[in-house]
Amino acid sequence: MSNITLYIAEKPSMARDLAFVLGAKKKEGIKYVGTGVWVSWCIGHLVEIANPDQHDPRWKSWRLSELPILPQKLKWLPKAKTKSHFNQLAKLIKSRQVAEVVNACDAGREGELIFRAVYQVAGGHKPVKRFWVSSLTNEAIRKGLQQLRPSQNFDPLAAAAYCRAEADWLVGMNATRALTARASDLLSLGRVQTPTLNMIVKRQEAIDHFQAETYWVLDIIVLSKTGAQWTARWHKKNAKSQLKNLDDHLSVKTQNQEKAKRSSWLKSPQDAQDIIEKIKPAIGEVVKAEGKNKQIPPPLLYHLTALQQECNRRFSYTADQTLKIAQSLYETHKLISYPRTDSRYLTPDVARTIPQILNKLPSKYQNLLSQCTVSPHKLGKRYINAQKVSDHHAIIPTNRQYDLNKLKTDEAKVYDLVARSLLCALCPPALDQQAILVVDIAQELFIAKGTIELKAGWRAIAPHQHSKVGKGKANTQLPFVPIHTPVKAIDAQVLEKQTQAPKAYNDASLLGAMEHAGKHIEDAELRAVMRAGGLGTPATRANIIATLIRRGYISRAQKTLIPTSAGQTLVASVNDPALLEPQLTAEWEQRLQDIAEGKAPAHTFIQQIHAWVNQLVCTLPQGSKIQVPKHEKNYSKKKSKYTSKNRSEPNNTHRSAGESSWRSQTQKAKQDTQNQNRPRASELNEVVGQTCPICKKGNMIQGQSAWGCERWKAGCKFIIPFALNGVIIPKEEAARVCARRQSRLFHESDGQKYRIELQAKGKLAWAESKSKNVGKSKVKSSKRSTKTSSQTSKKDSWRSKAVSTTPHSSKQNKWATQREKKP
């Protein structure tokens with residue numbers, strides 16, 4: 001009898017919390033069992049879009065002629081490493097005992113996709129409801145269970161999720177293969193990854209090309225007739241007109257303030273000395289004296305990006321570290337709300353729970369509540385704005401009582417930030433007194449500014465980083481001096497300064513740049529979309545940075561992120577600006593948002609993606625050959641069918657017959673690669689016209705990626721690949737190798753000519769000519785080079801790895817068989 005409700009959570013920990021509230025205490029396999037309920041779980045994404053060759057065998061090869069890869073309908077298949085778990089979950093979904101299914105994955109676009117893809121591939125056809133919460137406390141779960149929604153309400157959100165995943169796959173697969181056709185190594189492109197890399201590369205270029213400019217500033221000690229003293233700095237005469245009001249000079253964000261700063265620069269110390277001599281005997285006067293009190297409101301609550309930035313600045317945590325810590329506080333300890341949020345606001349119903357949260361805060365924070373004089377219901381739109389909350393509200397503490405001593409040190413630090421951010425929001429504003437004094441002495445202008453804190457307000461309990469007066473300005477008090485008061489200079493100091501190069505990105509500044517990536521987009525609507533979302537999402541930005549590091553495109557230098565040579569090469573090689581700039585993401589997000597809101601059909605978006613992919617595969621392969629520098633940190637994924645480091649193994653120049661140029665970290669991948677190089681029976685065509693030089697019996701025939709002996713089924717595995725180490729082997733040279741055991745000197749690199757020689761046991765080797773005499777050559781060893789880094793100069797350390805034994809290809813390798821790589 002069908003009477004079971006199956007709940008499917010995104011992760012095991014979430015399933016445990018759900019099962020506890022539902023009373024499902026007995027665990028059987030991958031489910032918790034209770035009265036009328038089963039609770040099971042995914043392990044993140046259990047299914048993924050199939051590889052190109054699983055859609056069509058012809059896409060197994062990376063031939064440029066096979067692009068674009070545009071399946072009529074994309075297939076979704078279980079991930080190999082979690083297939084067993086998927087199969088068990090699919091059985092539960094299709095069980096006759098199950099009457100309905102509840103999607104209890106994360107409340108968001110990605111959580112919707114995780115469930116829908118599993119349910120679709122599993123062949124589910126039962127009624128589905130949606131469980132949607134922003135906190136995993138028992139109280140929040142109970143409330144969510146009472147408010148289950150029809151799954152159909154989220155169909156537009158699911159459509160947007162599918163569109164995003166499929167579009168990323170289509171663009172990534174096609175762009176990666178199209179650009180790699182020009183390259184000596186695999187180059188991975190992605191909609192968010194590549195613009196992010198471009199920002200890092202541009203910043204590094206700005207640093208590398210920066211030329212410091214020396215300038216001088218003149219500071220004087222001003223003495224008024226009333227006896228007051230203060231320090232003021234010389235400015236050009238027109239600076240007074242530039243400073244229309246106090247904010248122009250005190251704000252760090254105005255263009256006028258930057259102009260005012262440069263207006264104090266002098267070209268030489270002599271210019272400063274001339275001014276000193278001019279003002280020494282003169283009596284001046286105060287021409288402007290302005291001051292005002294300014295309220296500084298508490299900071300907004302944290303969303304994930306803001307929390308990651310703060311943790312990077314304060315604790316030097318990477319974006320990925322902060323995300324993992326926050327996720328632990330959310331899932332394991334239940335101390336904070338959902339961390340992967342893009343909102344810094346609360347909904348009214350969440351705001352009503354703040355008193356309960358405050359009552360349950362650990363004792364160390366109870367002593368601070370006396371300073372929280374603002375009632376939660378009076379927070380106003382600065383903190384409570386339902387229109388600015390999409391899936392999840394800002395990160396705040398939960399109402400769970402907990403002993404903070406049970407937390408790890410890094411967990412306690414992050415929780416402290418979250419707790420204090422809520423307390424700050426309930427405190428009164430800080431009050432600063434800001435002032436500016438402008439004096440004119442002998443027709444020369446001198447300006448002084450000052451800020452002092454009158455009331456600490458929220459700063460009294462804020463993290464130290466926020467507590468500085470005036471965003472880091474010194475607490476400098478200026479005296480009150482009426483306008484027209486006579487003054488004179490009693491001392492002077494000339495300071496030599498230099499302009500500073502742009503700072504390399506760190507996690508905090510890069511996250512900020514990604515969040516505000518669209519501020520220079522001309523289109524107002526797209527700019528608004530990027531302002532709301534930015535480049536990537538709070539949930540994916542940390543992974544984007546980690547991916548760029550893993551793939552060898554950027555590296556960490558202490559606390560900064562810098563591009564590698566491979567990363568710089570990739571950016572320089574992309575000839576379609578749309579892949580480098582954030583406008584593409586803005587356009588996508590605008591359309592995906594329309595789809596999620598039911599304002600636009602999904603099929604139109606995919607049609608537009610198909611059209612653009614057709615354009616990409618035409619433009620990206622155009623241009624000169626790309627030589628990708630090798631990098632010791634180039635990415636190498638374990639348990640993968642490929643490694644980037646070995647796409648073209650320059651040091652591995654000799655291969656036995658049948659050995660692939662791809663090396664795998666799993667035996668299965670090795671076997672797959674060997675099978676891939678064998679000629680298929682359906683493609684056998686005699687093209688070389690020579691007898692196999694190894695077995696002396698079979699003819700050499702053409703296969704999919706190599707010429708091979710027709711007796712391969714009988715055990716002769718000799719092949720000559722279409723390309724050896726990235727260098728294309730012409731058909732006539734392959735025939736010459738079979739007939740004479742060596743080719744002509746048909747390839748030239750760095751002024752040296754090379755041939756291919758057939759050695760014992762069917763091994764192929766590159767041989768270089770020592771002189772113009774064709775008969776004399778030096779054979780390179782077939783084994784991996786054993787040259788150590790100490791034998792190679794530091795200047796050419798990466799070149800030694802890339803070119804020590806193999807000539808570079810000057811032609812495009814359209815035929816080399818390659819392993820699949822998901823961008």
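Listing for the model above:
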item: Criterion: crowded, with 20+ Cβ neighbours inside 10 Å, more than 21 Å from Glu331 (Cα to Cα) and touching a residue at least 12 places away in the same chain (Cβ under 8 Å) - qualifying residue of Leu22, Leu18, Leu67; result: Leu67
item: Top-ranked residue of the stretch 722-774 - restricted to ones that are of a type in the set (S, T, N, Q) and buried (at least 18 other Cβ atoms within 10 Å of the Cβ), ranked as modelled with the lowest pLDDT; result: Asn725
item: Odd one out for Ala99, checked against (1) within 21 Å of Pro150 (Cβ to Cβ); (2) assigned to a helix (DSSP H, G or I); (3) more than 28 Å from the chain's Cα centre (by Cα); (4) among the small types (Gly, Ala, Ser); result: (2)
item: Subset of the stretch 30-66 that is in a loop (DSSP other than H, G, I, E, B) and of a type in the set (S, T, N, Q) - its residue that is nearest to Ala117 (Cα to Cα); result: Asn51
item: Qualifying residue in the stretch 729-736 (condition: in a loop (DSSP other than H, G, I, E, B) and outside the structural domain of Arg58 (by TED's automatic domain parsing)); result: yes
item: Within the stretch 160-177, tally of residues that are of a type in the set (Val, Ile, Thr) and either out of contact with any helix residue (DSSP H, G or I) (no Cβ under 7 Å at 6 or more places or on another chain) or modelled with pLDDT of 95 or more (or both); result: 1
item: Some residue of the stretch 13-27 being in a strand (DSSP E or B), more than 16 Å from Gly124 (Cβ to Cβ) and at pLDDT below 95; result: yes
item: Residue under evaluation Lys633, criteria (1) touching a Gly at 6+ places or on another chain (Cβ under 7 Å); (2) at pLDDT 90 or above, criterion not met; result: (2)
item: Extreme residue, surrounded by the fewest Cβ atoms within 10 Å (Cβ to Cβ), among residues of the stretch 380-438 that are modelled with pLDDT under 95 and of a type in the set (Phe, Trp, Tyr); result: Tyr402
item: Hey, Val171 assigned by TED's automatic domain parsing to the domain that holds Leu46, within 30 Å of Ser188 (Cβ to Cβ) and touching a Leu at 6+ places or on another chain (Cβ under 9 Å) or not; result: no
item: Pairs with Cβ under 9 Å, 6+ apart, first in the stretch 187-209 and in contact (Cβ under 8 Å) with a residue 60 or more places away in the chain, second of a type in the set (Phe, Trp, Tyr) and assigned to a helix (DSSP H, G or I); result: Arg191/Trp588
item: Flag for Leu148 being more than 20 Å from Arg164 (Cβ to Cβ) and either surrounded by fewer than 18 Cβ atoms within 10 Å (Cβ to Cβ) or not aromatic (Phe, Trp, Tyr) (or both); result: yes
item: Only listed residue being in contact (Cβ under 8 Å) with a residue 60 or more places away in the chain and not β-branched (Val, Ile, Thr), chosen from Ser363, Ser343, Ser328; result: Ser328
item: Residue tally, condition at pLDDT 80 or above and crowded, with 19+ Cβ neighbours inside 10 Å, over the stretch 694-709; result: 5
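The values are calculated or read from the model by the stated rules, or taken from the named source; none is laboratory data. If you're wondering where the values come from, they're calculated on a predicted model, not measured in any experiment. Glycine also receives a Cβ, built like all others from the backbone with ideal geometry; neighbour counts cover every protein chain displayed.
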